[in-house]
Amino acid sequence: MTSNPVTVTLAYQVAPGHEADFHSWGWAMLGASARQPGFLGGGVLVDREAEWHVVYRFASEGMARAWEDSTARMEWDSRVERLARRTGRRSVRGSQIWFESQTAQPAAPAPPKKWKLWFVNMSAVFPPVLGFNVIVLPYLGGLNPFVRTLLLCLCVTALVTWILMPRLQRFFKKWLYPPLQALRGRHRRRTA
């Protein structure tokens with residue numbers, strides 16, 4: 001493998017009802033490109049709601065162009081005309097493409113206000129501390145204050161961490177992170 005491989009992404013708008021045919025065409029075309037010098041791999045990326053992508057990788061830009069300009073490739077392009085319309089081509093050198101996001105990601109929502117976090121934390125910590133002090137501590141009066149405090153902390157921390165906070169976070173998530181919930185709602189509606 002050379003130090004400067006090229007990844008080519010071809011975008012297609014597939015005609016309704018021809019998705020399976022396009023999928024077969026894409027893999028067959030990649031099979032033909034695999035016989036070309038410098039071919040490193042490829043795949044067909046399926047998106048039933050938007051564009052479909054045929055991605056292939058060659059050892060160099062010249063080898064990718066040689067495949068794209070070949071008569072064999074032109075025959076494959078003529079076969080796909082009744083199934084889909086090509087909407088774009090993108091070529092990227094090197095392997096950096098696999099580690100970079102190519103789409104604009106929505107900005108992370110702002111963290112909740114401190115007073116909201118304080119409220120949720122107090123809602124989680126106060127009930128078990130009160131219960132431990134009223135129900136359990138009267139029976140532990142003869143213990144060393146260090147041991148009593150350690151038991152209080154262990155019990156309350158376990159209850160808060162594994163039982164109360166997960167439930168309170170689910171209960172208050174729309175109040176704590178309203179922009180995130182709005183974003184997720186739009187995403188679900190779009191993909192549903």
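Here are a few things to note about the model shown:
- What the phi angles of region 56-69 give under the Karplus curve with 6.51, -1.76 and 1.60, with θ = phi - 60°, is a coupling list of 9, 9, 10, 5, 8, 4, x, 5, 5, 5, 4, 5, 5, 8 Hz, glycine and proline written as x.
- Karplus-derived 3J(HN,Hα), 6.51/-1.76/1.60, for each residue of region 5-22, Hz, glycine and proline x: x, 10, 10, 10, 10, 10, 9, 9, 9, 8, 5, x, x, 10, 4, 5, 5, 5
- Ordering of 153-165, 127-139, 26-38, 53-65 by burial proxy (mean other Cβ atoms within 10 Å per residue, highest first): 53-65, 26-38, 153-165, 127-139
- For region 23-40, the Karplus equation 6.51 cos²θ - 1.76 cosθ + 1.60, evaluated at θ = phi - 60°, returns couplings of 4, 5, 4, x, 5, 5, 5, 5, x, 5, 5, 5, 7, 8, x, x, 5, 10 Hz by residue, with Gly and Pro reported as x.
- In Å, descending, principal axis extents of the Cα set of region 127-174: 45, 17, 10
- In terms of the mean number of neighbouring beta-carbon atoms within 10 Å, the peptides 18-24, 169-175 order highest first as 18-24, 169-175.
Throughout, read-outs are computed from the coordinates displayed, never taken from laboratory work. On a predicted model such as this, the values are computed, not experimentally measured, just so you know. All Cβ positions, even for glycine, are placed from backbone atoms using ideal geometry, and neighbour counts span all protein chains on display.
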